[in-house]
Amino acid sequence: MPGVVEVDDLLARLLHRIERHAPYAEVMAEETTSHLVRYDRSATVVEPSPGFRGAMFRAWGPKGWTEAGASGLEADSLTTAADSLIQHLGFAGGAPDPPGESSTQRGEASTKTQQPMGEVPVSERVALAQTWFAWATEVKGIRNAYATIQSRTDIRLFLSTAGARTLQTIDRTRGAVAALAIENGKVEYDFTGRGGMGGAEILAEITPERVSRAAHAAVELLQAPSPPVGRMKVLLDPSASGTFAHESFGHGAEADQMLRDRSYLKPLFGKVLGPESLTLVDDGSLPGGWGSIFFDDEGHPSGRTVLVDHGKFIEALHDRETAAALHRRATGNTRRADFLSRPFVRMTNTFVEPGAMHLEEMVREMRDGVILESCTSGIEDPLGGNMQIKVKKGHLVRGGEIGPIRPSMALSGRVLEFLTAIRGVSRKEDFEMSPGYCGKGHTDLLPTGTGGPYLLSEAIVGPA
Amino acid sequence: MTAPFSSAETAFRVADRVRRAPGPWDVYGEAIRRFEIHINGDQVEMTRGPIQLEGYGYRVIAPHNGGVRVGFAGSTDVSTAGVARTIEEATIASRFSSFPAKDVSLPGSLPSSGTVLSADPELWARPEASIERFVSEVLAPFDGRKDVRPSFGSLRVALIDVTFANSSGAKASFQRTSAELEFAVRSTAGPEGPGSGEYWVNQRSCCLDHRAIASQGLEWSRKARDAGSASPTPPGVRQVLLPPEVLSEILPATLGFRLGGQAALRGMMPPKGSAVGGANIDLWDDGLYPYGLASAPWDDEGVLHAKRPLIQSGEFREPIYDVLHGRALSDQSTGGGRRDTATLSPWFHFMIRPNPGPSTMVLGPGDGGSDQEMIEALGEGLWVDQLGYSFPDPVSGAFGGEIRLGYLVKDGKLSTPVRGGTVGGVALAAPGEPSLLRSVSAVGGRPTLVGQLSAPALSVGSLSVAGA
């Protein structure tokens with residue numbers, strides 16, 4: 001089966017055919033390969049995905065945007081998809097141009113890796129996973145550990161009738177270790193993981209110290225009493241502060257939600273929402289970022305967008321349509337989860353910029369509360385402006401001293417109240433990005449990076 | 001609709017190319033047509049489809065050192081060269097893998113058609129007209145209303161020809177439909193102003209229920225208005241009523257893992273016969289449940305489906321095994337080989353290797369009666385209508401999340417709508433520790449199928465509510 005580069009000319013010809021029936025058309029063709037190694041005490045799983053490829057055509061017509069696509073990159077499947085799109089357009093001539101400015105970007109870019117995963121034999125990947133497993137299980141009380149190594153290469157070609165042509169090859173690599181403690185039928189675990197755009201060099205960030213910390217936490221969690229309940233001071237670790245930036249704020253800053261009149265942030269544009277120490281950023285061009293891209297799926301180059309600048313909400317994330325409607329510029333945030341999925345305004349790498357406080361100072365400042373660590377999930381509430389962030393563990397703080405560990409907790413409350421209550425942001429030494437996946441609603445999962453330093457505020461905490 | 005013989009032959013074509021390869025091996029194929037309508041307000045924002053997707057997953061199992069080596073690879077490349085490459089990749093992968101199963105054999109002949117309701121006949125016959133009609137029906141209850149309006153939504157349907165073949169001579173197929181409805185209703189007159197009155201629905205099903213959608217629209221409208229006027233959830237430990245919509249996010253994900261082969265192999269499954277819940281808890285796994293999301297004549301590795309007891313009167317009865325985990329635990333598959341997960345997973349399954357998992361979990365009805373009767377019997381407490389998302393933790397069994405909408409129960413009636421704060425607990429806990437299954441004080445009598453769970457409402461004692 002041909003790859004995306006080999007069907008470049010064919011796709012261009014098919015676009016011109018569609019152009020006779022629509023004022024504008026584009027196509028995104030994709031070819032991905034991936035590889036997974038997972039090792040634990042019971043099994044070794046090695047799983048390649050040698051071919052996942054296809055293309056999606058999109059055109060503007062009297063009924064708005066219409067899409068048709070197919071898996072496979074052979075001439076017959078691509079031609080069938082293009083013809084199907086033409087058939088569904090219902091074009092009778094005279095349709096206006098689509099909303100917003102069409103990208104005319106032309107460019108090619110590829111991930112620069114120090115050590116491409118393609119050069120790492122399967123045997124070495126398995127051996128590395130076994131090493132991580134050994135680091136975890138040498139901690140007393142750890143019965144098992146899952147060590148996972150994933151790599152994925154995603155090649156995307158975007159062409160449009162406006163003249164855009166972007167070709168990008170993105171290599172993403174991720175490693176994770178989850179240490180399991182089991183006692184009298186109770187099961188607990190903690191985890192550590194690193195991931196980003198790049199190759200095997202990212203896996204070197206999984207160190208014995210990181211794995212050992214997670215393993216010791218898992219053992220401690222077996223005996224941990226119930227988590228605290230109620231409104232209290234909370235100190236979010238980098239994984240939780242990043243999830244706050246992404247889920248609680250970022251989704252409301254996706255401008256398609258504003259056009260739908262579905263963002264609690266819409267009436268707050270230009271307003272001061274938090275302290276001077278708070279700056280929130282989405283950056284698709286972040287070097288090595290798990291959510292980094294070179295171009296978005298409308299052909300715009302990726303970039304850095306400051307959403308909140310020293311407390312003031314100054315910008316949203318835009319595709320061509322929202323940019324036109326709100327008189328802004330497209331920010332390079334239009335993303336498809338894959339060639340099968342529709343484009344939406346999406347985040348890339350979203351984070352809290354480092355501040356000036358030392359972590360020890362923040363613990364003393366909070367005096368009584370809880371540190372929330374090892375974030376596992378979050379979910380948006382773009383209209384309601386509430387938040388839900390879940391963590392695997394935390395530590396009580398009493399009298400300015402870090403106390404015992406506590407198990408799974410959920411943080412909730414109103415985002416705007418949380419922002420107002422921010423009392424400190426820690427320094428760049430604490431800054432860390434985490435690899436994750438984000439859905440638009442409950443579907444269309446794609447890789448996004450989240451991160452930040454520690455963040456001190458106040459919220460409701462309960463069991464989860 | 002009886003599951004008919006599929007017209008697609010994806011797995012059969014791939015199997016023809018590996019017929020002489022040493023087994024055991026199997027091929028799972030899907031040929032999918034997908035159609036979508038996305039709406040913004042009451043207007044169509046985008047139509048998508050047909051989106052045609054064809055792919056397969058190839059698995060090879062080879063005895064090695066008292067266990068087996070398992071290779072798996074999934075691909076959309078159905079060309080001769082593509083299939084050859086996929087087989088080669090799976091074979092190479094198998095050399096580095098290991099699994100502690102002995103004497104593995106794959107099921108032989110399968111029925112070429114079944115008696116399982118797994119496809120919506122109207123949707124299959126006229127997909128585009130059917131989804132256009134359904135979207136019109138979704139929007140109709142809001143026509144002309146000023147107090148509530150549609151915010152956004154999408155209807156995404158897939159028509160799936162499933163084919164399966166293996167080295168034991170099994171060769172079978174069936175058709176499945178799936179429908180995902182995401183829809184948000186916004187109230188326009190909430191006292192807290194814009195941004196507070198939304199009810200956001202995510203439904204997964206096998207068919208489009210044209211009859212129910214009008215009344216659901218009215219119910220969602222009421223809930224959107226209630227969300228707009230909701231008070232902060234008061235804190236405290238209280239009796240909580242959980243409807244099937246909330247339970248469906250918790251039980252399949254947590255119990256599906258902890259009562260399954262993966263947990264058993266790693267010492268995380270409770271002993272058979274142990275008390276994992278109250279005496280009022282009966283739970284089955286039913287792969288034949290009418291219009292269940294995973295309902296099919298056979299599971300995803302060709303083992304015939306049946307209704308099997310997981311928990312009876314609170315005691316753990318049968319685990320959920322696929323072929324490999326069954327053999328690793330000196331047992332047999334229970335028809336629990338699944339190529340998706342009970343949490344977020346893609347709408348195509350061919351890229352996922354089989355693992356043990358539930359199909360449709362069926363929680364037996366109790367004597368609690370209707371929701372109304374459950375509320376009356378409760379007297380005082382909290383009805384949790386919707387969580388942000390419970391994101392249950394299959395390993396620890398913990399669940400919980402932000403209360404997006406709830407109702408205080410006072411004097412046996414739903415009273416003040418509330419939102420905010422969190423509620424959570426542990427679905428399945430170690431012996432002697434409190435859990436959701438051990439705290440069910442009443443089981444409703446009117447089950448509803450929601451996603452992967454058919455269940456009535458449950459009255460659960462003493463869940464901790466972190467309120468505002």
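Here are a few things to note about the model shown:
- In degrees, nearest ten, helix B:244-258 long axis to first principal axis of chain B (Cα): 40 degrees
- Where Rh is the Kirkwood radius over Cα pairs, Rg/Rh for chain A: 1.00
- Distance cut-off 22 Å, percentage of C-alpha pairs in region B:231-468 lying past it: 50 percent
- For region B:43-128, a simple Cβ point-charge model (Lys and Arg +1, Asp and Glu -1, everything else neutral) yields a dipole of about 460 debye relative to the Cα centre.
- Degrees separating the helix A:208-222 axis from the principal Cα axis of chain A, which is the longest one: 70 degrees
- Applied to region A:24-34, the Karplus parametrisation 6.51 cos²θ - 1.76 cosθ + 1.60 on θ = phi - 60° returns per-residue 3J(HN,Hα) values of 7, 8, 8, 9, 10, 9, 9, 9, 10, 10, 8 Hz, with x for Gly and Pro.
- Per-pair calculated FRET efficiency, R0 = 60 Å: A:ALA204 and B:GLU219 via Cβ, rounded to 0.05: 0.65
- Share of Cα-Cα pairs in the protein assembly as shown lying beyond 47 Å, as whole percent: 19 percent
- Packing-based ranking, highest mean first, of A:286-295, B:405-414, B:90-99 given that Cβ atoms within 10 Å are counted: A:286-295, B:90-99, B:405-414
- For region A:308-364, Kirkwood radius (reciprocal of mean inverse C-alpha pair distance, Å): 14.1 Å
- For trypsin sites (Lys or Arg not before Pro), the sites in region A:98-184 that DSSP calls loop and that have at most 16 other Cβ atoms within 10 Å are A:LYS112, A:LYS140.
- The modelled label-to-label distance for the pair A:ASP8/B:GLU122, using points 7 Å beyond Cα in the direction of Cβ, is 4.9 nm.
- Relative exposure of A:ASP338, A:ASP83, A:ASP9, judged by other C-beta atoms within 10 Å (fewest first): A:ASP9, A:ASP83, A:ASP338
- Both the radius of gyration and Dmax for region B:219-267 are 17.2, 49 Å, in that order, over alpha-carbon atoms.
- Region A:86-175 shape via C-alpha gyration tensor axes, a/c threshold 1.5: prolate
- Amide H to amide H, with H built 1.01 Å from N, B:GLY260 comes under 5 Å of B:ILE320, counting only residues 5 or more places away or on other chains.
- With all projection directions averaged, the alpha carbon convex hull of region B:319-401 covers 8.3 nm².
- The Cα-based radius of gyration and maximum Cα-Cα distance (Dmax) for region B:17-112 are 18.9, 62 Å.
- When the pairs A:LYS233/A:LYS390; A:LYS140/A:LYS393; A:LYS186/A:LYS233; A:LYS233/A:LYS393; A:LYS186/A:LYS392 are compared against a 23 Å limit on Cα-Cα distance, A:LYS186/A:LYS233 fall above it.
- Computed [θ] at 222 nm, deg cm²/dmol, chain B (DSSP H ≥ 4; -39,500 (n - 2.57); rounded to nearest 500): -6000 deg cm²/dmol
- Shape summary of region A:5-222, radius of gyration then Dmax from alpha carbon positions: 23.7, 73 Å.
- Between helix B:210-229 and chain B: long-axis angle, C-alpha atoms, 0 to 90°, nearest 10: 50 degrees
- Length gained when the stretch A:LEU268-A:ARG41 is fully extended (0.36 nm per residue, less Cα-Cα span): 76.5 nm
- Annotation: amide H-H contacts under 5 Å for B:ALA101 (H modelled 1.01 Å from N, sequence separation of 5 or more, or interchain): B:VAL68.
- Computed from label points 7 Å out along Cα-Cβ, the spacing between A:SER123 and B:GLU88 is 2.0 nm.
- At most 10 other Cβ within 10 Å, DSSP loop - GluC sites (Glu not before Pro), region A:124-207: none
- Of every Cα-Cα pair in region B:294-362, the percent that sits beyond 13 Å: 63 percent
- Selection among A:LEU14, A:GLY175, B:LEU463 by position relative to the dipole of the protein assembly as shown gives B:LEU463 as farthest towards the positive end (Cβ unit charges, Cα centre).
- The magnitude of the dipole of region A:5-222, with charges of +1 and -1 set on the Cβ of Lys/Arg and Asp/Glu and taken from the Cα centre, is near 340 debye.
- Burial ordering of A:ILE149, A:ILE379, fewest other beta-carbon atoms within 10 Å first: A:ILE379, A:ILE149
- Selection from B:PHE142, A:SER434, A:GLY403 lying farthest towards where the dipole of the protein assembly as shown points positive, charges on Cβ: A:GLY403
- Sparse packing (at most 14 other Cβ atoms within 10 Å of the Cβ) combined with a DSSP loop state is found for the following trypsin sites (Lys or Arg not before Pro) in region B:109-153: B:ARG145, B:LYS146.
- In a reduced charge model with +1 at each Lys and Arg Cβ and -1 at each Asp and Glu Cβ, the protein assembly as shown shows a dipole moment near 720 debye about its Cα centre.
- Sorted by Cβ neighbour density within 10 Å, fewest at the top, the residues A:THR243, A:THR153, A:THR448: A:THR153, A:THR448, A:THR243
- Sorted largest first, extent of chain B alpha carbons per principal axis (Å): 70, 54, 35
- If you take the alpha carbon atoms of region B:10-229 and fit the smallest convex hull around them, that volume is 166 Å³ per residue.
- Converting phi to 3J(HN,Hα) with the Karplus coefficients 6.51, -1.76 and 1.60 and the offset θ = phi - 60°, region A:443-452 yields 9, 6, 5, 9, x, 9, x, 9, x, x Hz in sequence order, with x at every glycine or proline.
Each value in this text was obtained by applying a stated rule to the coordinates, not by laboratory testing. Predicted, not measured: the structure shown is a model, and the values here were computed from it. We place every Cβ from the backbone using ideal geometry, glycine too, and count neighbours over all the protein chains shown.
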